[in-house]
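The values are calculated or read from the model by the stated rules, or taken from the named source; none is laboratory data. If you're wondering where the values come from, they're calculated on a predicted model, not measured in any experiment. Note that each Cβ is placed from the backbone with ideal geometry, even for glycine, and that neighbours are counted across all protein chains shown.
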Amino acid sequence: MRRTCHGKTEWVDIKWKGGVLAHPVQQDGSSCGIIVIMMARAVMKALPAAPVIRFGTSKKEMTNERKTLALQILKASVFDLASKCAMCSMGKPGSGSGPPMTDWIQCDTCQRWFHEQCLGMDTADLEQAREHSWNCCLCT
Ligand SMILES: [Zn+2]
Ligand SMILES: [Zn+2]
């Protein structure tokens, strides 16, 4: 494909040579995902050189890596909780996106906002939610 589209041969004509990289070994039955991500990160950082892959794989270290990775992903997210519906991710009513003729309700627990129309609640439940406290489907 690359050769056909760009006339380049640097990838298709590589003479691949098999090899084994030294790497940490999984110690439990559930950390393969995070270990693969950490190994891929090391390979990408070192490219084109062979990476030195060294990290701890104890239960505590894997837990910390998961938390670090989850935080990185969350911080990279551009989702704006204050002005987007948690159900459809569109903007507040009247913002030009999302349902134009609906009210807006906030969860008393997680503070997420929702278009009332997106929740599909009946009128009685909506009245109850407006007058008293309300918890979204993620918090109940
Ligand atoms: Zn919505
Ligand atoms: Zn909630």
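Residue by residue, here is whether (1) modelled with pLDDT under 90; (2) under 25 Å from W16 (Cβ atoms) holds:
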position: P48; (1), (2): yes, yes
position: F55; (1), (2): no, no
position: K60; (1), (2): no, no
position: L71; (1), (2): yes, no
position: L74; (1), (2): yes, no
position: C88; (1), (2): yes, no
position: S95; (1), (2): yes, no
position: P100; (1), (2): yes, no
Review point. How many residues does the range 76-86 contain that are among the hydrophobic types (A, V, I, L, M, F, W, C) and modelled with pLDDT of 85 or more?
Key: 2
**Study point:** Candidate set from the range 22-40 (those that are within 17 Å of the chain's Cα centre (by Cα) and of a type outside the set (V, I, T)); member that is surrounded by the most Cβ atoms within 10 Å (Cβ to Cβ)
**Key:** M38
Review point. Which numbered condition trips up C110, out of (1) surrounded by 11 or more Cβ atoms within 10 Å (Cβ to Cβ); (2) in the same structural domain as C32 (by TED's automatic domain parsing); (3) not charged (D, E, K, R)?
Key: (2)
Check your understanding: Within the range 66-82, can one find any residue that is within 16 Å of ligand 1 (Cβ to nearest atom), of a type in the set (G, A, S) and surrounded by 14 or more Cβ atoms within 10 Å (Cβ to Cβ)?
Key -> no
Exercise for review: Please specify each residue of the range 101-139 satisfying the condition of being more than 8 Å from ligand 2 (Cβ to nearest atom), polar (S, T, N, Q) and not in a strand (DSSP E or B).
Suggested key: T102, Q117, T123, Q128, S133
Practice item. Could you pull out the residue among K84, K92 that is touching a Ser or Thr at 6+ places or on another chain (Cβ under 8 Å) and without any contact (Cβ under 8 Å) to a residue 60 or more places away in the chain? Key: K92
